[in-house]
Amino acid sequence: MGKRWPCKATAERLLNESKSRVTELKNKGIEPHLAVVLVGDNPASKVYVSNKVKTCESLGIRSTFHKLEATTSTDDLLRIVDELNHDASVHGILVQLPLPPQIDESRIISGIEPDKDVDGFHPVNVGRLSLGEPGLVPCTPMGVMALLADCGAELSGMHAVVVGRSNIVGKPMAQLLLKANCTVSIIHSRTKNPAELCRQADLVVAAVGRPGLVDASWIKEGALVVDVGINEITDDALAEKLIPADSKKMAAYRKNGRVLYGDVHYASALGRAEMVTPVPGGVGKLTIAQLMANCVLAAERLGSR
Ligand code: NAD
């Protein structure tokens, strides 16, 4: 029987480290400052943004929140991003994704000054990661690396399978694991026999957006399993299939009135893996903690210029 993975402890470590670095920056007269931009009224995005702003406050990072109408155009949003690029008091810019359909997301991401791009999505930061140069790296994969370090996982030579190849999670995750000397395979929607390939992995990182896709049949006995997926379950039949019929256990999957489930079939994976991260309360905590670390890093680099 596997164990739950202590994501909370790693998130707390990252937050404590950021807090000390904020104090050091303030002693030098630099107040780290994150500008958060939200376009429209996506309920999940509102929750994410509010958590980010609250976490900034708890660490002494200044945050300013820019709430824009759902009808905002690409050019209007680019103008705001450019103002923030030129505002010397701002060290980090975060435009909450997804953006409404009329907005060209890639133009917005490319419009952010790379050294203020705390999400690490700008093409310059993507290139820096792939070349192994210092930059800002996407928060979720960086948070997963911090977790693996805290667990003392000996990554060198491990076969790591990343399920999903998105620009924000799967690809940067694979790059970081490669940098840590893992042998990396990536499974995606066109991969043939994904369960068979995944069963060869010592480490599985699932970032697919398909609730419960990775079940025990995908997992080698004793593997480490990181579940990045956060999927809202609105279908009662699916909830019944995935979540044990026990009201206490059901409560663990509820967050802010929504039922959330990962990409890993938690109960069955626990029966084979050495450790599995829970959802909710797993990698999500690491992502926000790493975002704070990226803000502090951006302030340290920009403040010393
Ligand atoms: P995405 O939709 O951009 O990418 C999903 C990837 O999965 C694609 O590359 C696709 O090829 C692959 N895929 C789809 N179906 C597949 C299948 N049946 N078999 C194998 N691969 C398949 O998603 P994303 O932005 O990478 O997010 C993935 C999940 O992670 C979502 O549930 C999202 O909510 C969650 N997420 C969580 C955090 C966090 O902080 N924990 C951060 C970002 C994303």
Just one listed residue, out of E221, E300, E232, is out of contact with any strand residue (DSSP E or B) (no Cβ under 8 Å at 6 or more places or on another chain), closer than 27 Å to L94 by Cα and of a type in the set (D, E), and it is E300
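May I ask you to say which residue of V47, V124 is among the β-branched types (V, I, T) and either part of a strand (DSSP E or B) or at pLDDT 95 or above (or both)?
Criteria check complete, one pass: V124.
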Exactly one of L97, L136, L68 is under 15 Å from the mean Cα position of the chain (by Cα) and open to solvent by 20 Å² or more (accessible area, probe 1.4 Å), and that residue is L97
Residue among I103, I109 that alone is outside any loop (DSSP other than H, G, I, E, B), at pLDDT 95 or above and open to solvent by less than 80 Å² (accessible area, probe 1.4 Å): I109
Among (1) in contact with a Leu (Cβ under 6 Å, 6 or more places away or on another chain); (2) open to solvent by less than 20 Å² (accessible area, probe 1.4 Å); (3) farther than 30 Å from I219 by Cα, the one test that L84 misses: (1)
Starting from residues that are within 30 Å of D87 (Cα to Cα) and charged (D, E, K, R), keep the ones in segment 264-305 and report whichever is least open to solvent (accessible area, probe 1.4 Å). E300
Six or more apart or on different chains, Cβ under 7 Å: which pairs go from a residue in segment 139-164 that's within 11 Å of the ligand (Cβ to nearest atom) to one that's open to solvent by 10 Å² or more (accessible area, probe 1.4 Å) and modelled with pLDDT under 95? Could you list them? none
For segment 156-167, the count of residues that are surrounded by 18 or more Cβ atoms within 10 Å (Cβ to Cβ) and part of a loop (DSSP other than H, G, I, E, B) equals 3
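The values are calculated or read from the model by the stated rules, or taken from the named source; none is laboratory data. Small disclaimer: the values here were computed from a predicted structure and weren't measured. Glycine also receives a Cβ, built like all others from the backbone with ideal geometry; neighbour counts cover every protein chain displayed. Side chains included, ligands, DNA and RNA excluded: accessible areas come from the protein's heavy atoms. Shrake-Rupley method; radii C 1.70, N 1.55, O 1.52, S 1.80 Å.
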